[in-house]
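One structure is given below, encoded as structure tokens.
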Amino acid sequence: MSEYLSRLRQALISGVTWKHPLVSVALKLSDPIDYLVRCARNMSSFPRMSVRARSNGLRGQFGGVKFRKMGDSFVSELRDRGWLKSGDKVLEIGCGCGRNAFAIARQLDYFTYEGLDIDRVSIESAARNRTLLHHGCRFQFIDVRNAEYNPQGACVANEYRFPRDDNSYDVVFLVSVFTHMMPDDVSHYLVEIARLLKPGGRVVFTTFLMDHDCCFNGQTFSYGRGPFRSTEKELPEICVGYFMKFFDEALSNAGLNRLDSPVLSGLRKEDGIKATGRFSQDVVTAVKPQATE
């Protein structure tokens, strides 16, 4: 039934679901009820459902439980593997409306967090959130062009320089960002991330790895060529996957060393693939070498 409904949705609503006028209206009408449910669940500080859906998808968003669960899943994965700890200075690229910032605030005793995003509605919601402000989280809109989220952006991704100083962060992470970007853009972002990391700092990003028959959790990535595949023909940025060889080359070119990864998503167990990850996407991490005298 779920597969049938998914195909029906794709037939009736092409492109990005939350951008469809009918879906947008329905989400805004749901906001007051969603708020009441979140209040009853002690989640009133979370963004409105119509905002959460922009970067977190529609499925399961009502009531805030999935929003919290996904943030906790990713951040606890990083903590348990030693990739994130109290005292770290963290930059999240593609932070959306702050899902992971909420999780970090729940799980770390002290930290410094900055979030960047290309979706103005999401980033402004995070920047106004009293809970995130209380924890000292800072957010900034970056006007980078993306066919899905910011088609009128002033800057192209493969030339963009992040407005941050060199050697500034212990951890830079990106959750479901490269899943919406083309190869040249991804490669450039990794070069920039290497610039931003302190020596010994770590980048962590999620992706759909295509090394297992171009499939993920029963979904086939049928379009694309070279290092990437996509589930969408007309607008590949909706959902992009990459072969590990591409990331290895891009990381090496950026001067980063892949370590402790990839960690395959636990969802791959449904495809009969051994996986240890708890998050809903595959995770790759790399480290910037320590400076040598």
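The values are calculated or read from the model by the stated rules, or taken from the named source; none is laboratory data. On a predicted model such as this, the values are computed, not experimentally measured, just so you know. Here Cβ is always computed from backbone atoms with ideal geometry, including for glycine, and neighbour counts include all displayed protein chains. We work out accessible area using only protein heavy atoms, side chains counted, and drop any ligands, DNA or RNA first. Shrake-Rupley method; radii C 1.70, N 1.55, O 1.52, S 1.80 Å.
Here are the numbers for this structure:
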| item | result |
| --- | --- |
| Residues (of a type outside the set (A, V, I, L, M, F, W, C) and either under 19 Å from the mean Cα position of the chain (by Cα) or at pLDDT below 95 (or both)) located in the stretch 227-253 | ARG229, SER230, THR231, GLU232, LYS233, GLU234, PRO236, GLU237, GLY241, TYR242 |
| Any hit, the stretch 126-134, residues being crowded, with 20+ Cβ neighbours inside 10 Å, touching a helix residue (DSSP H, G or I) at 6+ places or on another chain (Cβ under 7 Å) and over 20 Å from PHE205 (Cα atoms) | yes |
| Selection from the stretch 150-167 of residues that are open to solvent by less than 20 Å² (accessible area, probe 1.4 Å) and either aromatic (Phe, Trp, Tyr) or in a loop (DSSP other than H, G, I, E, B) (or both) | GLY153, PHE162 |
| Restricting the stretch 271-289 to residues that are among the small types (Gly, Ala, Ser) and in a loop (DSSP other than H, G, I, E, B), the residue that is least open to solvent (accessible area, probe 1.4 Å) | ALA275 |
| Criterion (closer than 18 Å to LEU196 by Cβ and polar (S, T, N, Q)) met by exactly one of ASN150, ASN129, ASN100, ASN146 | ASN100 |
| Residues of the stretch 185-213 satisfying the condition of being surrounded by fewer than 19 Cβ atoms within 10 Å (Cβ to Cβ) and among the hydrophobic types (A, V, I, L, M, F, W, C) | VAL191 |
| The stretch 244-261, residues that are in contact (Cβ under 8 Å) with a residue 12 or more places away in the chain and surrounded by fewer than 18 Cβ atoms within 10 Å (Cβ to Cβ) | MET244, LYS245, ASN253, GLY255, ASN257, ARG258, LEU259, ASP260 |
